[in-house]
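*Asks:* Here you go, one structure.
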Amino acid sequence: MISAGALAGPGLLAAGFVIGPRVKLLAALLVACSEIGLALIFLLVVRLLRPRIAQVLVSVSAASVLLAMVLAGAWAVGEFPLQPFVHLDEMARFHGTANALGFTLCGLIGWTLSTLDIPEKRGSSA
């Protein structure tokens with residue numbers, strides 16, 4: 001369900017801008033909930049990743065998307081009755097930055113590092 005929402009949500013959200021505010025609200029909430037679910041899965045599996053820097057970067061990625069999607073959900077709910085809780089300039093600054101640098105960049109580097117065969121430093125000097 002999470003993957004289906006993450007994949008279909010952006011297209012439905014784009015359609016919602018044409019179809020109407022109810023579809024846009026539901027699609028925005030679908031995207032936000034799906035991405036929050038994805039972040040929670042990241043946090044569940046992060047302890048299995050190696051090296052440690054991959055764990056840190058994937059954790060930053062998950063935390064960033066949690067923040068960004070809570071903002072997106074608040075924006076969508078506020079935009080429906082045209083009483084914004086989060087203004088568009090705040091969304092661009094915080095949501096966009098958290099998604100671009102936190103979720104995407106840190107996640108991409110973290111997940112890439114986790115696939116490389118990088119030996120961790122050991123306490124012994126052999």
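Taken together, the values in this text are just the output of simple stated rules run on the coordinates, not laboratory data. Remember, it's a predicted structure, so these values are computed and weren't measured experimentally. Ideal geometry is used to build each Cβ from the backbone, glycine not excepted, and the neighbour counts take in all protein chains shown.
*Asks:* List HIS95, HIS87 from most exposed to least, where exposure is judged by having the fewest other Cβ atoms within 10 Å.
*Replies:* Starting with the residue having the fewest Cβ neighbours, the order is HIS87, HIS95.
*Asks:* Over all directions, how big on average is the projection of the convex hull of the alpha-carbon atoms in the stretch 1-73, in square nanometres? Present the calculation step by step, with values, prior to reporting the outcome.
*Replies:* Working: hull surface 19.2 nm².
Mean projected area for the stretch 1-73: 4.8 nm², to one decimal.
*Asks:* Among 103-113, 69-79, 42-52, what's the highest-first ranking by average C-beta atoms within 10 angstrom per residue?
*Replies:* 69-79, 103-113, 42-52
*Asks:* Using the Kyte-Doolittle scale, find the helices of the chain whose mean hydropathy is at least 0.5 and whose Cα atoms extend 20 Å or more along the helix's long axis, counting only whole DSSP H runs.
*Replies:* Those that clear 20 Å and a mean of 0.5 are 2-19, 21-45, 52-79.
*Asks:* So for the chain, averaging the separation of alpha carbon pairs under 8 Å that are six or more residues apart and normalising by length, what relative contact order in percent results?
*Replies:* Taking the mean separation of contacting Cα pairs over the length of the chain, I get 25 percent.
*Asks:* Take every Cα-Cα distance within the stretch 5-126, group them into 10 Å bins from 0 onward, and report for each bin the whole-number percent of pairs it holds.
*Replies:* Here the calculated profile for the stretch 5-126 is 14, 36, 27, 14, 6, 2, 1.
*Asks:* Applying 1/(1 + (r/R0)^6) with R0 = 25 Å to the Cβ-Cβ distance of VAL45 and LEU101, what FRET efficiency is obtained, to the nearest 0.05?
*Replies:* For VAL45 and LEU101, the calculated efficiency is 0.70.
*Asks:* Next question. Taking the Cβ of TRP75 as the center, what net charge do the other residues with Cβ under 15 Å away carry, scoring Lys and Arg +1 and Asp and Glu -1? Please list the in-between numbers first.
*Replies:* Numbers: positive: LYS24, ARG93; negative: GLU35, GLU79, ASP89, GLU90.
Here the charged neighbours net out to -2.
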